[in-house]
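Step one of this worksheet: look at the structure below.
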Amino acid sequence: MATQLESSLHITDLILQASPVVQLVMLLLLLASLYSWYLIAKLHMSYKKAQKGDEHFQKMFWSGAELNTLYNNAQLNSKREGLEDIFYQGLGEFLKLKKRHAEPHASIEGTERILRVGLSRDQGRLEQGIGTLASIGSVAPYVGLFGTVWGIMNAFIGLAKVDQVTLATVAPGIAEALIATAIGLFAAIPAVLAFNHYTAKGEEVYSDRALFSEEMVALLQRQSVGSTQETE
């Protein structure tokens, strides 16, 4: 009897025999899982590219290259992003204010403001998809639980029409209902892990870029003080 019951309970059969509501829940969770893996792959590539680009630009910046040369190279690069884009926006504002003969402290304040804006903009672009991962990770288990509750409810409604209740009549309905919860967890767990991982990675990238911005401001400030003293 146990062998016969075991052989009759196949996951594919249970999914196909599930109620339309449970099948819709399973389909939604499967699509959510596929989309979360797409986002994970996209974030992995984005962060890898960002860190590689930042390291390359920092090497150029600290190699002793002229700021104007780096600025002109960044201006020619229409696809600049990350530190190169932040540097371009910041130095561009500094040169613009300097051209208008602004006070040194006003130039530095304006540059710091533009750098903060650039940091936030590039960080937001880099973290696209993290919020969706958080939503999938938090909602998917509840969607799966809804499918399970609905399936068990239908199973018990069906048992009301049976004269004699046995394990063979109860097991299929409960098993097909529990599959929804399993798929919900399957979609949620990778999404939550990826959210935590890339949130920490994003904070690391932001911290490195913020430190570079501070060092850049300090360098421009020294140049401003030096040029002012020479003028005097």
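The values are calculated or read from the model by the stated rules, or taken from the named source; none is laboratory data. All values reported here derive from a predicted model rather than from experimental measurement. Every residue, glycine among them, receives a Cβ derived from its backbone with ideal geometry; neighbour counts consider all protein chains shown. When the accessible area is computed, the model is the full protein with side chains, heavy atoms only, and any ligands, DNA or RNA have been set aside. Shrake-Rupley method; radii C 1.70, N 1.55, O 1.52, S 1.80 Å.
Excluding the sites themselves, what is the longest stretch of the chain that contains no trypsin sites (Lys or Arg not before Pro) in a DSSP loop with at most 12 other C-beta atoms within 10 Å?
Free of exposed loop sites, the longest segment is 1-78.
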Residue-level accessible surface for residue 117, protein heavy atoms, 1.4 Å, Å²: 80 Å²
Charge-dipole axis of the chain as Lys and Arg at +1 and Asp and Glu at -1 on Cβ define it, positive-most pick from 151, 205, 68: 68
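Pull out the extension gain between residue 56 and residue 219, defined as 0.36 nm times the separation in residues minus the alpha carbon to alpha carbon distance; nm, one decimal. Mind dumping the intermediate values first?
Numbers: separation 163, 0.36 × 163 = 58.68 nm, distance 1.93 nm.
That pair, residue 56 and residue 219, stretches by 56.8 nm at full extension.
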Between 0 and 90°, nearest 10: helix 130-159 axis offset from the chain longest Cα axis: 10 degrees
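Could you work out [θ]222 nm for the chain from helices alone, using -39500 (n - 2.57) per DSSP H run of at least four and dividing by all its residues? Round to the nearest 500 deg cm²/dmol.
Values: 8 runs with 201 residues, N = 232.
Helix contribution divided over all residues of the chain: -30500 deg cm²/dmol.
Using a 1.4 Å probe and counting only protein heavy atoms, arrange 152, 157, 108 so the residue with the most accessible area comes first.
Numbers: 152 50, 157 90, 108 15 Å².
The ordering from most to least exposed comes out as 157, 152, 108.
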Residue with peak Gaussian network fluctuation, the chain [Cα springs, cutoff 10 Å], from 82, 173, 90: 173
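Of the heavy-atom accessible surface of the chain (probe 1.4 angstrom), what whole percent is carbon and sulfur? Intermediate results must be reported in sequence, preceding the final value.
Details: 8670 of 14180 Å².
Percent of accessible area from carbon and sulfur atoms in the chain: 61.
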Whichever lysines have a C-alpha closer than 20 Å to that of residue 79, once near sequence neighbours (fewer than 8 apart) are set aside: 42, 48, 49, 52, 59
Probe 1.4 Å, protein heavy atoms only - accessible area per residue of the chain in square angstrom: 61 Å²
Heavy atoms of residue 63: accessible area, 1.4 Å probe, square angstrom to 10: 80 Å²
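Could you calculate the FRET efficiency of residue 81 with residue 105 from 1/(1 + (r/R0)^6), where r is the beta carbon distance between them and R0 is 30 Å, rounded to 0.05?
Numbers: r = 30 Å, r/R0 = 1.00.
Efficiency computed from Cβ-Cβ geometry: 0.50.
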Among 58, 123, 89: highest mean-square fluctuation, GNM of the chain, C-alpha pairs under 10 Å: 58
Order of exposure, largest accessible area first, which applies to 111, 12, 69 with probe 1.4 Å: 12, 69, 111
Distance (nanometres) between label positions extended 7 Å along Cα→Cβ at residue 185 and residue 134: 2.5 nm
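Got a sec? What order do 153, 26 fall in by accessible area at 1.4 Å, biggest, i.e. largest, first?
Working: 153 85, 26 10 Å².
Result of the area sort, largest leading: 153, 26.
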